[in-house]
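Colleague: The structure under discussion is supplied below as structure tokens; questions concerning it will follow.
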Amino acid sequence: MRTFTQKQKEIARNWYVVDAEGETLGRLASRIAPILKGKHKPVYTPHMDCGDYVIIVNAEKVRVTGRKMDQKLYYRHSGYPGGLRSISLRDQLAKHPERVLQAAIRGMLPKNKLGRRMLKKLKVYAGDSHPHQAQQPRPLEL
């Protein structure tokens, strides 16, 4: 018996749309990460990117529990001495709500070239509209 390995040309990619309104941030991210990896498919291959595209709308209406709004911080560094900047989750949701979901999902993907390729298949939008109607995305029930 031989081991089946999917070839890159044979991968069929689907497009899914997810409405994040009222969903908990971490639970939503933990359900989307395996779809980007392709673990929901029977032909999943760990060393290949065989996942699907995911469009997330209403990212600004995502829900968090506890006191994370003020206690959770996002850090970035300018590259210069003393250039470490931080922003709270409340401020990040007000300014760039799509970055919050993208950071949560990025943390659940592999930390290598494969994970960066998987993250490119994630499209996050703050409002309820997206420019991917031509791909005919199907709603994803979580």
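Each value in this text was obtained by applying a stated rule to the coordinates, not by laboratory testing. Since the structure is predicted, the reported quantities are computational estimates derived from the model, not experimental observations. All Cβ positions, even for glycine, are placed from backbone atoms using ideal geometry, and neighbour counts span all protein chains on display.
Colleague: Quick one: grab the alpha carbon gyration tensor of region 67-137, order the square roots of its eigenvalues as a ≥ b ≥ c, and give me rounded if a/c is under 1.5, else prolate or oblate depending on whether a/b is larger than b/c.
Modeller: Note, shape of region 67-137 comes out oblate.
Colleague: Show which aspartates and glutamates lie in cross-link reach of Lys95 when reach means a straight Cα distance below 19 angstrom and same-chain residues fewer than eight apart are skipped.
Modeller: Glu21, Glu60, Asp70, Asp128
Colleague: Moving to a separate point now. Contour minus end-to-end for Thr45 and Lys61, with contour as 0.36 nm per residue of separation and end-to-end as the Cα-Cα distance?
Modeller: 2.4 nm
Colleague: Where does the charge balance sit around Gln135 when Lys and Arg score +1, Asp and Glu -1, over other residues with C-beta under 15 Å from its C-beta?
Modeller: In short, +4.
Colleague: Subtracting the Cα-Cα distance from 0.36 nm times the residue separation, let me have the gained length for Ala12 to His130 in nm, one decimal.
Modeller: 40.3 nm
Colleague: Something else: Cross-link list Lys68/Lys113; Lys39/Lys72; Lys41/Lys120: which exceed 27 angstrom alpha carbon to alpha carbon?
Modeller: Over 27 Å apart, Cα to Cα: Lys68/Lys113; Lys39/Lys72.
Colleague: Each label point is 7 Å from the Cα along the Cα-to-Cβ direction; what then is the distance between the points at Arg2 and Leu142, in nm?
Modeller: Taking the simple label geometry, Arg2 and Leu142 are separated by 4.0 nm.
Colleague: So what's region 19-66 giving for Rg/Rh, alpha carbon basis, Kirkwood Rh from the mean inverse pair distance?
Modeller: Ratio value, two decimals: 1.08.
Colleague: How big is the equivalent ellipsoid of region 1-97 along its three axes, where each semi-axis is √(5λ) from the Cα gyration tensor, reported in whole Å from largest to smallest?
Modeller: Square roots of five times the eigenvalues give 34, 19, 12 Å.
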